[in-house]
Amino acid sequence: MRLGYSAVTAGIIDTREAFEVAARYGLDIELSSDMVEMFPQLPGPGELREMGRAAGVGFTLHLPFVDLNLASLIEPAWRTSLERMQRALEYGAAVGARVGVLHTGQVPLRHPKLVELAFGRLQRALAELSPPPLPVAVENLVLDDQDLLRTPGELVRVVEEAGPGFGYTLDLAHAYVQGGAAQIGAYLEAMQASKAPLLHLHLHDNRGDWDAHLPVGAGSIPFADFREELAEFSGTAALETTGGEEGVRASLEALKRFWG
C-alpha cells in the first residue's frame, strides 16, 4: 500500500510546507481539485510534478465535489459538473496523479422516479468521462440524505457499468458513520467481489456519529479488525485527518499499531 495524506484536510495550505511534511514521513500528497479551482495562484501541474520528483513525493487527486453534481437533473448544472470533472481529470494526468477520487452526486428529492432519472444522469456522466486519463476510484458516501448511492450494491452496479478505468475508494470512516463496523465489512466484501478493482483507501477516524475526520486512533473505528482483509491491498491510500502535522504523525503511529 502506498500511503499519502490530504494536506487540505490537515489544514496545511502552503505548498512547500505540504511537501516538507510529506517528505518527512515518506508520504504522497492527495491534491484537491476544488482548491486548484478556488486558488488559481497555486503552482501549476508542471511545477507540482517537478516539485514532487525532486522531493520523492507522488500524488493522488481528490476530484471536485464542491458545487458539483454528476447526477443533477438540471441540464446546465449537470453539464457544468461534467466539464469541471473533465478538466480535473486532465489536470490529474498532467500532474502525474496515480488515481482520482470521485464523488457520485446527489438527488435532493428522493421520489422514486427522480432517483431513477438521477442514476441515468450519473451513468451518462461516467460514460462521457470514459476512458479516463487516469484511474478513477469512486468513493462510498451516504453522509447526507441527498446522496444518490445508498448501498454497496448500488455502488458496485454503477462502477461496473462504467467499465475499464473505474474502480473504488473505500472510505472506512464514511461506512462507519453509515452503519458501524458491519457496514465497513459490507463495502469491503462487495468491492473485493466486484469485477472492478479496489484502488484507493481514505483513512480517518470518528465515533460513529458524524464524519469528524479525526486522526486514526482518536475515534472508535476498529481498524485492527480489517488488518487481514486489507493485508494484500497494493493500491494507494490517503490520510484524510485534521490536526495538522501532529494529526498525520499520530495517524501513522496508530496505523503501525493496528496494521503493522
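The values are calculated or read from the model by the stated rules, or taken from the named source; none is laboratory data. Remember, it's a predicted structure, so these values are computed and weren't measured experimentally. Glycine also receives a Cβ, built like all others from the backbone with ideal geometry; neighbour counts cover every protein chain displayed.
Suppose we filter segment 23-52 for residues that are assigned to a helix (DSSP H, G or I), within 18 Å of Leu89 (Cα to Cα) and under 21 Å from the mean Cα position of the chain (by Cα); how many remain? Give the derivation first.
Within segment 23-52, the subset assigned to a helix (DSSP H, G or I) is 23-25, 33-38, 45-52.
Narrowing further to those that are within 18 Å of Leu89 (Cα to Cα): 33-38, 45-49.
Retained after the next criterion (residues that are under 21 Å from the mean Cα position of the chain (by Cα)): 33-38, 45, 48-49.
Matching residues across segment 23-52 total 9.
Going through (1) out of contact with any Lys or Arg (no Cβ under 6 Å at 6 or more places or on another chain); (2) surrounded by fewer than 23 Cβ atoms within 10 Å (Cβ to Cβ) one by one, Glu160 falls short only on (1).
For segment 186-229, the candidate set comprises residues that are closer than 24 Å to Glu161 by Cβ and not aliphatic (A, V, I, L, M); within that set, the residue that is surrounded by the fewest Cβ atoms within 10 Å (Cβ to Cβ) is Lys195. For Leu3, the conditions (1) outside any loop (DSSP other than H, G, I, E, B); (2) loosely packed, with under 15 Cβ neighbours inside 10 Å; (3) among the hydrophobic types (A, V, I, L, M, F, W, C) all hold with the exception of (2).
Is it fair to say Ala10 is buried (at least 16 other Cβ atoms within 10 Å of the Cβ) and farther than 30 Å from Lys256 by Cα?
On the way: buried (at least 16 other Cβ atoms within 10 Å of the Cβ): yes; farther than 30 Å from Lys256 by Cα: no.
When the stated conditions are applied, Ala10 does not pass them.
For segment 237-260, the set of residues classified as within 22 Å of Leu143 (Cβ to Cβ) and not acidic (Asp, Glu) consists of Ala237, Ala238, Leu239, Thr241, Thr242, Gly243, Gly247, Ser251, listed by residue number.
Residue by residue, here is whether (1) touching a Lys or Arg at 6+ places or on another chain (Cβ under 6 Å); (2) part of a strand (DSSP E or B); (3) not small (Gly, Ala, Ser) holds:
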| site | (1), (2), (3) |
| --- | --- |
| Tyr176 | no, no, yes |
| Gly179 | no, no, no |
| Tyr187 | no, no, yes |
| His202 | no, yes, yes |
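Would you check if Glu154 is of a type outside the set (A, V, I, L, M, F, W, C), closer than 14 Å to Ser194 by Cα, in contact with a helix residue (DSSP H, G or I) (Cβ under 9 Å, 6 or more places away or on another chain) and surrounded by 15 or more Cβ atoms within 10 Å (Cβ to Cβ)? Answer is yes for this residue.
Annotation: of all residues in segment 29-81 being charged (D, E, K, R) and touching a residue at least 12 places away in the same chain (Cβ under 8 Å), the one that is surrounded by the most Cβ atoms within 10 Å (Cβ to Cβ) is Glu30. Filtered by the rule that a residue be among the β-branched types (Val, Ile, Thr) and surrounded by fewer than 24 Cβ atoms within 10 Å (Cβ to Cβ), segment 100-127 gives Val107, Val115. Just one of the listed residues (Val101, Val142) is in a strand (DSSP E or B), within 25 Å of Gly4 (Cβ to Cβ) and of a type in the set (Val, Ile, Thr), and it is Val101.
Go through the residues of segment 157-171 one by one and say whether even a single one is within 24 Å of Ile74 (Cβ to Cβ), among the β-branched types (Val, Ile, Thr) and in a loop (DSSP other than H, G, I, E, B). No, segment 157-171 has no match at all. Pairs are defined by a Cβ separation below 8 Å, a sequence spacing of at least 6 or placement on different chains, a first member in segment 213-230 that is at positive phi, and a second member that is at pLDDT 95 or above and part of a loop (DSSP other than H, G, I, E, B); the pairs so defined are His213/His204; His213/Asn206; His213/Glu240; His213/Thr241; His213/Thr242.
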